[in-house]
Amino acid sequence: MRLGLQHSYATLPERFYARVAPTPVPDPKLVVFNRGLARKLGLDPELLEPQAAAMLSGNRPPEDANPIAMAYAGHQFGGFVPSLGDGRAILLGELHAPDGTLRDLQLKGAGLTPFSRGGDGRAALGPMLREYLISEAMHALGVPTTRSLAVVTTGEPVFRESALPGAVLTRVAASHVRVGTFQYFAARGDQEAVHTLLRYVIARHYPEASDVEVPALAVLRSVAQRQAALIADWMLLGFIHGVMNTDNMAVAGETIDYGPCAFMDPYDPNTVFSSIDHRGRYGFGNQPAIAQWNLARLAETLLPLIDPEPAKAVELATEVIGPLIAQSDARFLAGMRRKLGLSAAVQGDAELARRLLLIMEQSHADFTLTFRRLALAAQSPEAEPPLRELFATETDITSWLQDWRTLMTNDPEPLDKRLTAMRTANPAVIPRNHRVQAALDAAEAGDYGPFHALLDVLQRPFDARLDKSEYARPPDPSERVLRTFCGT
Ligand code: AMP
Ligand code: MG
């Protein structure tokens with residue numbers, strides 16, 4: 001079967017990738033398939049789904065595939081690794097979607113590649129289902145993200161701490177070019193390749209940068225803007241990526257590489273879930289600073305293309321990267337205004353948002369539920385008690401609510417419009433850790449019911465019918481999942 005694949009990346013010079021076919025698996029079985037996404041990609045789900053197990057396990061790749069593993073480097077927890085690359089992912093090619101965009105089609109867990117180092121090239125079912133659930137939830141929440149087309153089990157165990165069922169995820173992305181892709185060539189002193197990659201990124205993601213005076217600087221600025229926005233979008237939902245290494249940061253601005261990521265339940269800006277993030281480098285509140293650090297690494301690779309005079313190049317790059325945290329904070333505040341039901345910047349809005357987060361932190365109030373109940377309280381004061389219940393002491397929330405209602409009353413924009421905005425900024429349902437874990441545990445034991453039920457609600461996170469459902473409920477203390485794992 002042919003999918004109409006294109007191969008823009010595979011036409012770049014040979015040193016950008018390794019040509020490698022997926023390794024066949026013994027018994028591929030399709031466990032989840034994303035019909036809606038298939039249609040968006042211009043693929044016919046009726047034709048594709050029956051072929052999906054064989055095709056998307058890598059056993060019978062599309063006839064027009066040109067499989068490659070991409071080369072990249074990366075800073076992992078601050079330490080530079082000059083050669084990482086796709087150790088278990090294989091790019092089949094790109095699809096020209098009906099909406100005019102070009103989308104990478106990649107198999108994750110497809111077998112050994114020249115970049116596998118000590119790894120087995122494979123993926124376990126749990127982490128692949130986890131990526132499927134969370135990436136599709138992020139998409140439904142309106143956050144730029146790679147997406148998931150399918151998960152196929154392989155019929156072969158993978159050995160981690162114990163033997164686990166193996167699986168392959170089909171990932172769809174605006175592209176898989178990472179900050180670390182630029183670093184790979186820069187670290188080798190291959191300036192020509194950096195320039196080629198820059199031209200590729202401009203053509204594919206930032207065409208507006210092609211006819212400006214300094215394209216490298218324009219790309220850096222656009223990537224920084226998208227990252228600043230992305231991190232703010234994450235934080236407005238309580239999302240923690242967990243492994244913001246430079247190889248896990250896509251220059252197209254999508255959330256990528258779902259590993260130990262998680263949404264927090266009680267609000268605490270110091271929350272860290274990842275079992276390997278001992279110092280909290282990638283904790284909730286650090287994410288804007290880390291994005292800036294990563295963008296500085298990207299900037300370093302581009303300096304010779306920014307200005308022939310090194311000091312001048314650094315100065316220009318610094319002007320672009322310097323404001324990133326402030327840009328992210330501004331986007332966060334704008335988002336907070338929407339979450340609070342306010343239309344535009346008014347005197348005291350930032351202070352009001354800051355105070356709410358502070359009393360939430362002191363009360364260990366559930367992040368998602370607080371804002372959702374606030375949206376309900378905005379519709380009628382009678383809906384206030386369930387919101388108040390989330391706070392340990394009455395006095396703080398009472399005085400906060402008074403000040404909030406004052407700003408709400410004085411807001412010039414029609415209330416209806418703001419209430420609608422609130423309902424679509426404050427989800428009823430997010431992929432709560434304990435729910436995700438329970439769904440994955442059941443799937444591993446052969447029962448996909450909880451996974452599909454959870455996936456269904458995550459695709460309509462703002463649906464008012466979910467407010468009373470089990471999925472909106474935070475975990476009991478005994479249910480809380482405090483640690484997450486990469487699963488690699
Ligand atoms: P990640 O932690 O998934 O972002 O991966 C970091 C690096 O390790 C990338 O170069 C991956 O390709 C590689 N990697 C992760 N898991 C495996 C595996 N099971 N086999 C081979 N390479 C892997
Ligand atoms: Mg990665």
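Select from segment 57-86 the residues that are among the hydrophobic types (A, V, I, L, M, F, W, C) and over 22 Å from the mean Cα position of the chain (by Cα) and write down the one among them that is farthest from ligand 1 (Cβ to nearest atom). First the steps, then the outcome.
Restricting attention to segment 57-86, the residues satisfying the condition of being among the hydrophobic types (A, V, I, L, M, F, W, C) are 65, 68-71, 73, 77, 80-81, 84.
Now restrict to residues that are over 22 Å from the mean Cα position of the chain (by Cα): 65, 68, 80-81.
Numbers: Ala65: 19, Ile68: 13, Phe80: 13, Val81: 8 Å.
Going through the qualifying residues, I end up with Ala65.
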Determine whether segment 262-270 contains at least one residue that is within 14 Å of ligand 1 (Cβ to nearest atom) and not assigned by TED's automatic domain parsing to the domain that holds Ser148. no
Looking only at segment 91-114, count how many residues are under 22 Å from Thr255 (Cβ atoms) and open to solvent by 10 Å² or more (accessible area, probe 1.4 Å). 6
How many residues does segment 58-116 contain that are under 15 Å from Asp257 (Cα atoms), in a strand (DSSP E or B) and small (Gly, Ala, Ser)? 2
Over segment 118-148, the set of residues under 26 Å from His7 (Cα atoms), touching a residue at least 24 places away in the same chain (Cβ under 8 Å) and either more than 9 Å from ligand 1 (Cβ to nearest atom) or not in a strand (DSSP E or B) (or both) is Gly121, Arg122, Met128, Glu131, Tyr132, Ser135, Glu136, Pro144, Thr145, Thr146, Arg147, Ser148
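Among the residues of segment 320-331, are any part of a loop (DSSP other than H, G, I, E, B) and loosely packed, with under 14 Cβ neighbours inside 10 Å? Walk me through it before giving the result.
First, the residues of segment 320-331 that are part of a loop (DSSP other than H, G, I, E, B): 322-323.
Those left that are additionally loosely packed, with under 14 Cβ neighbours inside 10 Å: 322.
Yes, there is a match, as at least one residue in segment 320-331 is part of a loop (DSSP other than H, G, I, E, B) and loosely packed, with under 14 Cβ neighbours inside 10 Å.
Only one residue in Thr406, Thr395, Thr424, Thr368 is of a type in the set (S, T, N, Q) and either open to solvent by less than 30 Å² (accessible area, probe 1.4 Å) or within 16 Å of Phe239 (Cβ to Cβ) (or both), so which one is that? Steps first, please.
Numbers: Thr406 fails: either open to solvent by less than 30 Å² (accessible area, probe 1.4 Å) or within 16 Å of Phe239 (Cβ to Cβ) (or both); Thr395 fails: either open to solvent by less than 30 Å² (accessible area, probe 1.4 Å) or within 16 Å of Phe239 (Cβ to Cβ) (or both); Thr424 fails: either open to solvent by less than 30 Å² (accessible area, probe 1.4 Å) or within 16 Å of Phe239 (Cβ to Cβ) (or both).
On inspection, the qualifying residue turns out to be Thr368.
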Somewhere in segment 81-90, is a residue more than 21 Å from Ala174 (Cα to Cα), surrounded by fewer than 16 Cβ atoms within 10 Å (Cβ to Cβ), within 15 Å of ligand 2 (Cβ to nearest atom) and not aliphatic (A, V, I, L, M)? yes
Regarding segment 282-289, can at least one residue be identified that is within 18 Å of the chain's Cα centre (by Cα) and either within 16 Å of ligand 2 (Cβ to nearest atom) or over 22 Å from Ala326 (Cβ atoms) (or both)? yes
Filter result for Ala299 (among the aliphatic types (A, V, I, L, M) and exposed (fewer than 15 other Cβ atoms within 10 Å of the Cβ)): no
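The values are calculated or read from the model by the stated rules, or taken from the named source; none is laboratory data. Here the structure is a predicted model, which is why all the values come from computation and not from measurement. Cβ coordinates were reconstructed from backbone atoms using ideal geometry, including for glycine residues, and neighbour counts include every protein chain displayed. Just so you know, the surface numbers come from the protein's heavy atoms only, side chains and all, with ligands and any DNA or RNA stripped out. Shrake-Rupley method; radii C 1.70, N 1.55, O 1.52, S 1.80 Å.
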